[in-house]
Amino acid sequence: MLITHDTRCALDAVVDLVNSAPDDPDDEGGGSPEGLADVAALREFVRNHSISDVGALTERDLAAVRRIRTRFAEVFAAAEAHVAASLLNELVAAAGTTPRLTDHDGYDWHVHYFAPGASVADHLAADCGMALAFFVVAGEQERLRRCEAPDCRRAFIDLSRNRSRRYCDSRTCGNRLHVAAYRARRREAAGQEQEQELQQEQVVQ
Ligand SMILES: [Zn+2]
Ligand SMILES: [Zn+2]
């Protein structure tokens, strides 16, 4: 699967977008707050992901971006390719795309999907929608995942060669679990040692 710089940027953006959603407050641990709380937060998101030509951002943009965020979350939650495909078809069609080749800023030729002058929501729906669509095309929709760490469930895209990634970020969730597993093994090993010592003492007696 060819992943160009734009696809990579779009994938990073859509993962960040989905993960900006507030967790269900009924979830264990209370859940995380809304990551796109206001227009300023949206502006920061746009800046962080270098989303170009979206003009001045408004409350309307914020509402539209939150709406497509819900749709993208459904794509990550889709268990079957045909469900993901119809969600992506709707998202991309509603965004009114005009695919065009570009080699801007010294990058190799690649396709931009968003229409000129598209709103930020349409821009994201078109480019992120198409970036995810190629996973369905490649039969690799299973790479769109949710973290398996308890109380996390963040979205991520597994780009590992053998599709073995289970956690959103190995530095936090993966590591956290590794540490927990390590401690459990240590405890177990320490318990066995104590037991052996006890048995040896009994033998000596
Ligand atoms: Zn580009
Ligand atoms: Zn995680």
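The values are calculated or read from the model by the stated rules, or taken from the named source; none is laboratory data. Everything numeric in this text was worked out from a predicted model, so none of it was measured. Methodologically, a virtual Cβ is constructed for each residue, glycine included, from the backbone with ideal geometry; neighbour enumeration extends over all protein chains shown. Ligands, DNA and RNA are excluded from the accessible area calculation, which covers all protein heavy atoms including side chains. Shrake-Rupley method; radii C 1.70, N 1.55, O 1.52, S 1.80 Å.
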Exactly one condition in (1) within 12 Å of ligand 2 (Cβ to nearest atom); (2) open to solvent by 60 Å² or more (accessible area, probe 1.4 Å); (3) within 20 Å of HIS5 (Cα to Cα) is not met by PHE156; state its number.
(2)
Given (1) of a type outside the set (A, V, I, L, M); (2) in contact (Cβ under 8 Å) with a residue 24 or more places away in the chain; (3) not in a loop (DSSP other than H, G, I, E, B), index of the condition THR97 fails
(3)
Away from ligand 2 (no atom under 16 Å from the Cβ), at negative phi, in contact (Cβ under 8 Å) with a residue 60 or more places away in the chain and outside any helix (DSSP H, G or I): does that describe ASP108?
yes
Given the conditions (1) within 16 Å of ligand 2 (Cβ to nearest atom); (2) open to solvent by less than 60 Å² (accessible area, probe 1.4 Å), which single one is not true for ALA77?
(2)
Residue among ARG163, ARG143 that alone is surrounded by fewer than 16 Cβ atoms within 10 Å (Cβ to Cβ), of a type outside the set (A, V, I, L, M) and either without any contact (Cβ under 8 Å) to a residue 24 or more places away in the chain or more than 16 Å from ligand 1 (Cβ to nearest atom) (or both)
ARG163
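Give the residue that is nearest to ligand 1 (Cβ to nearest atom), with candidates limited to residues of segment 111-122 that are assigned to a helix (DSSP H, G or I) and open to solvent by less than 20 Å² (accessible area, probe 1.4 Å).
Going through the qualifying residues, I end up with VAL120.
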Within segment 1-19, tally of residues that are open to solvent by 70 Å² or more (accessible area, probe 1.4 Å) and either more than 29 Å from ALA37 (Cβ to Cβ) or among the aliphatic types (A, V, I, L, M) (or both)
2
Restricting attention to segment 50-69, report how many residues are in a loop (DSSP other than H, G, I, E, B), among the β-branched types (Val, Ile, Thr) and within 16 Å of ASP127 (Cβ to Cβ).
2
